[in-house]
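The values are calculated or read from the model by the stated rules, or taken from the named source; none is laboratory data. Keep in mind the model is a prediction, meaning the values are calculated, not measured. We place every Cβ from the backbone using ideal geometry, glycine too, and count neighbours over all the protein chains shown.
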Amino acid sequence: MTSLWARVEPLLARVQKPARYIGCEDGAITPQHGAGRVSWLLAYPDTYEIGLPNQGLQILYEILNERDDAVAERTYAPWHDMEALMRQRSVPLFSVDTHRAAGDFDLLAFSLAAELVYTNVLNLIDLAGVPVRSDQREPHHPLIVLGGHCAFNPEPLADYVDLVVLGEGEEVIGDITEVVRGWKASGKTPGSREGVLRELSKVPGVYVPSMYDVEYDGPMLRAVTPKYADVPATVHKRTVADLGQWPYPKRPLAPLTEVVHDRLAVEVFRGCTRGCRFCQAGMITRPVRERPAAQVKDLIERGLQHTGYDEVSLTSLSTADFSGIEQLTRGLATLGCGTPEQAASNVGSNLSISLPSLRVDAFTVGLAGQVSGGRRSGLTFAPEAGSWRLRQVINKLITEEDLYGAVESAFSQGWHRTKLYFLTGLPTEADSDTLGIVDLARNCVQIGRRHTNRASVTVSLGGFVPKPHTPFQWFGQNTTDELRRKVQLVRDAAQRAKGVNVKWHDPAATLAEGITARGDRRIGPVLERVWRAGGVFQEWSEFFRLARWEEAMAAEGLSVEWYVNRHRDEHEVLPWDHLSAGLHKDFLWLDWQAALAEHGLEDCRWTPCYDCGVCTGYGIEHVVASPVPPAGGSQGTGQDLARGGEVPVALLTRRPEPVAVPASIEAGAAT
Amino acid sequence: MKLRVRHTKLGKVRFTSHRDTARHWERAVRKSGVAVAYSAGFTPRPRMSFGLALPTGAESLAEYLDIDLIDDITLADLSVDDLCIRFGAALPVGYEVTHIVPREAGATSLQEDVVACTWVITLDGVSTDELVDAVAATLAASAVMVQRERKGQRSTDDVRPAMLDLSVAPATDDDPRPRLCAMVATNGRGLRPTELVGAMFPALDPVDVAARVLRTQQWIERDGTRREVIPAAPVAACALPERA
């Protein structure tokens with residue numbers, strides 16, 4: 001129960017970046033543990049630099065520590081050098097706040113943003129001194145919890161975790177705390193672990209995999225059914241109805257060492273209804289809920305004062321869609337945290353605002369130009385597909401005019417470099433679509449050369465991984481060979497296009513992502529084999545080896561083709577069918593059929609509901625301040641914006657911008 | 001108005017790097033609301049310049065930096081104590097701002113000005129007798145050769161000239177381990193504390209031996225006399241005489 005600091009400290013002289021392990025951030029809390037308090041260790045299963053800025057984890061950290069019956073600390077995946085020393089000297093996984101052993105907490109909760117970190121989860125459970133398989137744990141071991149976007153198909157980890165939280169955590173962590181508090185007070189007696197898990201399985205939004213039986217019919221899944229009558233047959237996600245009631249983080253963590261997004265982040269809205277069919281984030285976070293503009297401003301002012309940052313990132317899935325974004329950013333431009341005189345006279349610490357996930361249109365770029373504080377490092381857009389036809393298939397309805405207008409605006413305002421994100425291996429993609437990527441890039445360079453000879457365009461190409469709870473969940477992922485061929489097509493064509501550079505994600509990693517994204521419980525032992533063979537930090541290309549995954553699949557007698565490349569049919573039982581993000585399965589199927597018919601679907605934020613199931617099913621609504629779509633471009637939602645766009649519903653929606661670029665390490669800031 | 005600031009860096013925060021320290025100060029200056037001057041250009045930065053880098057993992061009682069305030073403010077407008085408190089409150093735990101003085105007219109940068117610094121190094125796995133012997137042997141040697149590598153270049157250097165003074169500090173009540181006091185020259189390539197320990201105890205791993213590394217003073221020369229950049233009361237644990 002005491003601090004491990006005296007044992008950790010001597011290791012720090014021998015590792016790279018020891019500041020990863022010391023905590024001490026501005027905003028960190030010194031928690032008071034006690035018998036009446038449920039202790040949570042919130043874990044981000046990647047390095048400190050990637051994990052620290054994670055907003056979800058910071059929000060839950062603060063909310064839990066405000067409760068008088070809970071405490072929360074944080075931990076991140078130790079880098080290889082640190083892990084080796086820890087194992088050699090028997091130092092278990094510890095929190096960075098008070099250097100308390102992970103095994104001393106009541107819950108060890110992981111935030112999962114991407115599939116390739118799953119083996120790190122197993123590694124951290126093991127490093128905590130906890131048996132990796134849930135059926136081998138004793139009452140004194142922490143409950144292992146999963147949350148985050150990957151929780152919507154946790155089946156590959158089902159036998160390794162105790163409970164899974166679907167959806168947003170703000171409210172449900174309180175419900176879980178209360179159940180665990182009772183269990184802790186009762187002394188966690190022998191045999192009581194199953195009892196508390198059964199109680200937890202009744203909490204809305206909580207899925208306890210061990211409470212379900214899984215039946216197979218040959219390779220096919222027949223059913224996942226509750227073992228007991230009081231365990232729900234379908235687990236529904238939790239959603240916060242009003243983001244304005246959750247103004248967190250109030251004291252954002254400002255790290256003592258460099259991290260990936262080293263700036264203040266303020267979430268301006270949650271959810272997205274643009275309806276990009278490849279984008280899991282846009283499907284599972286509906287509906288759109290904007291934060292009141294006044295609260296956004298307040299969070300920024302206080303956050304700047306508290307952290308001393310001079311840059312704020314307004315986060316969401318498509319920030320230019322925030323109602324009144326122009327007024328908001330204009331009001332912020334003179335904020336900063338020097339003296340009032342400095343702010344008023346625009347001397348010194350002017351605030352720089354970054355808008356990640358830019359919509360592709362000239363209006364948005366104009367906005368980015370106004371607020372970027374003069375920084376012109378680079379702009380990133382995500383057209384995602386090379387032809388209008390294919391963009392209709394994926395419902396990312398950006399016209400070429402939108403893109404060229406955006407690029408013209410960027411180069412004319414002083415940017416030299418533009419990055420364009422594309423997916424390849426999309427449904428119905430033909431070589432002409434793939435090659436269209438290079439045509440778009442070449443045209444963008446030509447537009448840029450009218451403004452600067454240094455104009456260049458980088459095409460970033462990711463292999464498409466179909467994700468659960470999206471209309472593309474039935475689609476068979478392209479084989480690795482096919483993805484390699486398409487990447488090569490683009491590279492060859494780009495060689496003849498001056499100023500066009502191509503970067504691409506390794507199709508081998510895309511395959512491993514495909515194995516886990518739509519895997520069932522039989523994939524669990526595969527993950528365990530990959531981990532035991534040393535496969536951690538799999539999203540870091542220097543540590544990824546596809547052979548480990550292929551060997552593990554073969555050893556388990558599983559077919560890569562069956563899991564990854566096979567098209568599913570309408571009636572197949574999917575491994576996540578008992579888990580719900582609120583979307584009707586028949587809505588997703590119809591949207592899949594519409595995709596194949598090359599039909600776009602409008603953003604329901606400003607148009608009538610097409611009943612995807614979320615608002616109606618959960619009795620919640622879009623919370624959008626403006627009844628009209630944003631000025632200056634529609635990102636081709638198909639809406640007739642010329643009409644002025646009055647909408648017959650009182651509270652409306654918009655549609656998301658895709659950020660679901662796989663292998664997410666670099667999918668970060670826009671500039 | 002140009003300020004010279006002295007501060008400590010003690011405890012867990014010692015595991016942050018010199019670059020991190022610059023980042024801590026930049027944020028602290030903004031948080032403090034003190035009217036600091038900013039650089040011109042697209043990305044204005046508070047005008048600050050830092051002295052000798054403190055190795056990651058080492059603590060210090062004597063770190064320095066220069067900060068420029070906006071032109072029309074003088075120290076007379078501000079209380080030094082208040083300024084120390086405002087900066088200190090805005091910095092992470094482990095920093096204490098101990099002195100702020102106006103920078104002398106025509107002063108060169110800290111990097112050029114400082115000629116030596118003093119380290120107190122708490123040693124693990126070495127007895128007081130062994131340390132006394134090693135100090136005597138090292139001081140008696142005409143040359144001390146060490147092999148070191150920086151930026152991929154291996155070299156063998158005589159580091160004896162950089163060792164201006166070595167002595168043994170008495171153990172304290174709460175830590176019986178022997179402590180080495182070393183004044184080392186900082187011009188040229190310099191001598192890191194772990195390199196010094198490695199040179200004195202070549203058979204041992206300096207990372208293990210140098211259990212705690214504390215910089216206690218930084219020295220400049222004025223009129224042929226060596227003095228601290230901003231003089232503070234002598235450190236009781238290791239009272240080195242000021243020497244010409």
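Only residues that are part of a helix (DSSP H, G or I) and more than 30 Å from A:P575 (Cβ to Cβ) were counted across the range A:448-500, and they come to 10. Among the residues making up the range A:294-325, a single one is more than 14 Å from chain B (Cβ to nearest Cβ), among the acidic types (D, E) and surrounded by fewer than 18 Cβ atoms within 10 Å (Cβ to Cβ): A:D298.
Confirm whether A:R263 is within 14 Å of another protein chain (Cβ to nearest Cβ), surrounded by fewer than 23 Cβ atoms within 10 Å (Cβ to Cβ) and under 19 Å from the mean Cα position of the chain (by Cα). In short, yes. The set of residues from the range B:167-218 being out of contact with any helix residue (DSSP H, G or I) (no Cβ under 8 Å at 6 or more places or on another chain) and hydroxyl-bearing (S, T, Y) comprises just one member, B:T186.
Selection of the range B:44-85 for residues being surrounded by fewer than 20 Cβ atoms within 10 Å (Cβ to Cβ), in a loop (DSSP other than H, G, I, E, B) and more than 14 Å from chain A (Cβ to nearest Cβ) yields B:L52, B:A53, B:T74, B:S79. The set of residues in the range A:297-323 being over 15 Å from B:K31 (Cα atoms) and basic (K, R) consists of A:K297 alone.
Taking each residue of the range A:1-22 that is within 14 Å of B:D124 (Cβ to Cβ) and looking for partners that are not aliphatic (A, V, I, L, M) and not in a helix (DSSP H, G or I) with beta-carbon atoms closer than 6 Å, six or more apart or interchain, yields A:A13/B:G57. Condition check for A:S377 on (1) surrounded by fewer than 20 Cβ atoms within 10 Å (Cβ to Cβ); (2) within 14 Å of chain B (Cβ to nearest Cβ); (3) over 30 Å from A:G463 (Cβ atoms); (4) modelled with pLDDT under 85: one failure, at (3).
Among the residues of the range B:94-114, those identified as in a strand (DSSP E or B) and either in contact with a Gly (Cβ under 8 Å, 6 or more places away or on another chain) or assigned by TED's automatic domain parsing to the domain that holds B:V168 (or both) are B:Y95, B:E96, B:V97, B:V114.
Among the residues here, A:V647 does not qualify as within 22 Å of the chain's Cα centre (by Cα) and either of a type in the set (V, I, T) or modelled with pLDDT under 90 (or both). Only a single item in (1) among the acidic types (D, E); (2) surrounded by 17 or more Cβ atoms within 10 Å (Cβ to Cβ); (3) more than 23 Å from A:E598 (Cα to Cα) is not met by A:D481, and it is number (2). When the residues of the range A:24-50 are filtered to those that are over 24 Å from the mean Cα position of the chain (by Cα) and within 14 Å of another protein chain (Cβ to nearest Cβ), which remaining residue is surrounded by the most Cβ atoms within 10 Å (Cβ to Cβ)? Only one residue tops the list, namely A:D26. Among residues of the range A:557-578 that are surrounded by fewer than 12 Cβ atoms within 10 Å (Cβ to Cβ), those with a beta-carbon under 8 Å from a residue that is part of a helix (DSSP H, G or I) at least six positions away or on a different chain give the pairs A:E570/A:W589. Scanning the range B:168-192 for residues that are surrounded by 12 or more Cβ atoms within 10 Å (Cβ to Cβ) and either among the hydroxyl-bearing types (S, T, Y) or part of a loop (DSSP other than H, G, I, E, B) (or both) turns up B:A171, B:T172, B:R177, B:P178, B:T186, B:R189, B:G190, B:L191, B:R192. Looking only at the range A:160-207, which residues are surrounded by fewer than 19 Cβ atoms within 10 Å (Cβ to Cβ) and either of a type in the set (D, E) or touching a Phe, Trp or Tyr at 6+ places or on another chain (Cβ under 6 Å) (or both)? Correct list: A:E170, A:E171, A:D175, A:E178, A:E194, A:E199.
Residues that are charged (D, E, K, R) and within 14 Å of chain B (Cβ to nearest Cβ) occur in the range A:244-258; there is at least one.
For (1) free of Cβ contacts under 8 Å to residues at least 40 places away in the same chain; (2) facing chain A (nearest Cβ under 7 Å); (3) surrounded by 21 or more Cβ atoms within 10 Å (Cβ to Cβ); (4) part of a helix (DSSP H, G or I), each residue gets a yes or a no:
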site: B:R6; (1), (2), (3), (4): no, no, yes, no
site: B:V13; (1), (2), (3), (4): no, yes, yes, yes
site: B:H24; (1), (2), (3), (4): no, yes, yes, yes
site: B:K31; (1), (2), (3), (4): no, yes, yes, yes
site: B:V34; (1), (2), (3), (4): no, no, yes, no
site: B:F42; (1), (2), (3), (4): yes, yes, no, no
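Per the conditions (1) away from every other protein chain (no Cβ under 14 Å); (2) modelled with pLDDT of 95 or more, the sole criterion not satisfied by B:L91 is (1). So which residues in the range A:215-236 are under 24 Å from A:I284 (Cα atoms) and either under 28 Å from the mean Cα position of the chain (by Cα) or assigned to a strand (DSSP E or B) (or both)? Result: A:L221, A:A223, A:V224, A:T225, A:P226, A:P232, A:A233, A:T234, A:V235, A:H236. Only one of the listed residues (B:R154, B:R148, B:R103) is in contact (Cβ under 8 Å) with a residue 60 or more places away in the chain, among the basic types (K, R) and surrounded by fewer than 19 Cβ atoms within 10 Å (Cβ to Cβ). That residue is B:R103.
Examine the range A:446-463 for a residue that is farther than 25 Å from A:Y404 by Cα and either among the hydroxyl-bearing types (S, T, Y) or out of contact with any strand residue (DSSP E or B) (no Cβ under 8 Å at 6 or more places or on another chain) (or both), and state whether such a residue exists.
Checking the range A:446-463: not a single residue is farther than 25 Å from A:Y404 by Cα and either among the hydroxyl-bearing types (S, T, Y) or out of contact with any strand residue (DSSP E or B) (no Cβ under 8 Å at 6 or more places or on another chain) (or both).
The residues listed here are A:P18, A:P53; of these, the one that is crowded, with 18+ Cβ neighbours inside 10 Å and more than 11 Å from chain B (Cβ to nearest Cβ) is A:P53.
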